[in-house]
Every structure is written in structure tokens, then in C-alpha cells.
Amino acid sequence: MAKLLIANWKANPENLTEARRLARNTDSVRVVIAPPFPFLETVGNTIKKADLGSQDVFWSSGAYTGAVSVSQLKKLRVKYVIVGHSERRRHFNESNETVNRKLKAVIDAGMKVVLCVGEGPEYRRNLSGARTFVNHQLKSALKGASAKNLIVAYEPVWAIGTGSPDSPEHAAEMAAEIKNTVGRLSSQKDVPVLYGGSVTFRNAARFLSLPEISGALVGGASLDSREFRKIIRLVL
Ligand code: PEP
């Protein structure tokens, strides 16, 4: 199966000119580019081969200051929406219940949802603890949801932006566990699981060659077009 890369730009780059340049230089099939909200329209108009993603969403439109709704994203031709990123959970206090509401709104709108899960440093060397933690996140996020168009990104929190990625063996074990759990909770039997956490060209091939891993969610390395293009070549 073809592997997928999602470029999570976070609150980067600084301006529209840079965003346009980065999008043009990393435009490729099997890539989803998720820029910050102010650049969505421009990036969407720049890319010809990649798909457009959003880093977050709110489940409703109307009187919600600062929010961006599912229908607004859909009109910008956003196809993938990330929910539950650990930075949203940590810095914006997003609960599992919030993640669940966002996930259902995205699925109801017919877009693909990229659900981020991952344990914190307290479970770094504790596989059963990590499994229990991630299974709880999955169960809460998928409560009452169809799991249609679902992609899960397994991102151990301790590996994000630290330069210290997970081992491919551990990531593969967690991906297998996630597939099992989603299969038990829904009708989706072989949910695609991406790995995220300090992916670079040096380590990407090891994750992308694993049968349990369907691609990567890439933060820092997606902002360096030369580096990201080298990762893209691995999935073409
Ligand atoms: C991320 O943004 O989800 C991420 C994994 O970041 P980084 O690749 O920088 O660790």
C-alpha cells in the first residue's frame, strides 16, 4: 500500500511568501500539507499534487470567537483534518471529550480525520502502560463515532520535536495494538496508522518500511524543503 506523509507546519512559516515557496517546493502526490489557518487558501491554490490538511478544527460554526469550522475548511478544499495533536491537548487543554466532538464533526462532514494519540514520558519504557494509555485515548475519541475515513497518527509525546524518535520496533508494536483496538471498537478492520515524532531523512526509511506503519506525520523536517523532498522520495 502506498505510504502517506503529512507535513504539520505548526505555527510556521512567518509569512505568506515563505508558505507559498515551501508549498511549491514540497508539492507531491502522497503528501498532505497542513499549514496554519492564515495560509490555507494560498497553499491550497499553490499545490497541484499534494492534498490540503488542517491542523485543527472546531465542531460548530457561529458564536465561537477564534474558532474555524468544519464547513469553512471544506470550502477551502481541505481533505484531511488533524485532531487531538498532543500540542493541542497540552497547550490548549483539549480533553478527550473535545477530541471526540471534533473527530465526529470531521467524519460527519465527509473529510478524513487524522487522530493523534500517544503516551507521555512516564510510559516511555513501559509498553503495557503505553498500550493502556493509548487505548483509552482511542476509546474516548471514537465514542459514538463511525471511524469512517479515520487515520490514526501514533505520536509518543516524548518523541515530538525532541530529536529522539521512537524505536521502529516499539512504533510497530503500538501500531499493531492501535489497529486491534480500532477494529474492536468499530467496523474499520485495518485502520492506517502513521508514525510521528522526530522523523527526519536519516530515520524515515526505517519507519516507512514497516508493514504496520502507513506513513509519517512530520513536523520540523517538513519545514526544510530539501530534507522533506528526500523523505518524499522514499514514498514515491
Ligand atoms: C508533529 O508535529 O506531530 C511532529 C511529530 O513533530 P516533529 O516531527 O517535529 O517531531
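Quick note: the coordinates plus some simple rules give every number you see, no bench work behind them. These figures come from a predicted structure and were not determined experimentally. All Cβ positions, glycine included, derive from the backbone under ideal geometry; neighbour counts span all protein chains shown.
General observations
- Panel order for GLU173, GLU119, GLU97, by other beta carbons found within 10 Å of each beta carbon, from fewest to most: GLU97, GLU173, GLU119.
- A Cβ-based charge dipole, computed about the Cα centre of the stretch 117-197 with Lys and Arg at +1 and Asp and Glu at -1, lands at about 380 debye.
- Here the chain is assigned +1 on the Cβ of each Lys and Arg and -1 on the Cβ of each Asp and Glu. Its dipole about the Cα centre then comes out at about 620 debye.
- Using only side-chain charges placed at the Cβ, +1 for Lys and Arg and -1 for Asp and Glu, the dipole size of the stretch 7-69 relative to its Cα centre rounds to 260 debye.
- Sorted by Cβ neighbour density within 10 Å, fewest at the top, the residues HIS136, HIS85, HIS91: HIS91, HIS136, HIS85
- Its DSSP H runs of at least 4 residues, each contributing -39,500 (n - 2.57), put the calculated 222 nm mean residue ellipticity of the chain at -12000 deg cm²/dmol, to the nearest 500.
- Of all lysines in the structure, those lying under 17 Å Cα to Cα from LYS139, and not within fewer than 8 positions of it along the same chain, are LYS102, LYS104, LYS148, LYS179, LYS189.
- Relative contact order computed over the chain (Cα-Cα under 8 Å; 6+ residues apart), in percent: 20
- Descending Cα extents along the principal axes, the stretch 163-236, whole Å: 40, 23, 18
- Overall Cα dimensions of the stretch 4-235, principal axis frame, Å, largest first: 46, 44, 30
- Semi-axes of the equivalent ellipsoid for the stretch 67-192, Cα gyration tensor, largest first, Å: 24, 17, 13
- Ordered by the number of other Cβ atoms lying within 10 Å of each residue's own Cβ, fewest first, TYR80, TYR154 fall into the sequence TYR80, TYR154.
- Listed by chain and number, the aspartates and glutamates whose C-alpha is less than 18 Å from the C-alpha of LYS230, apart from same-chain residues fewer than 8 away, are ASP27.
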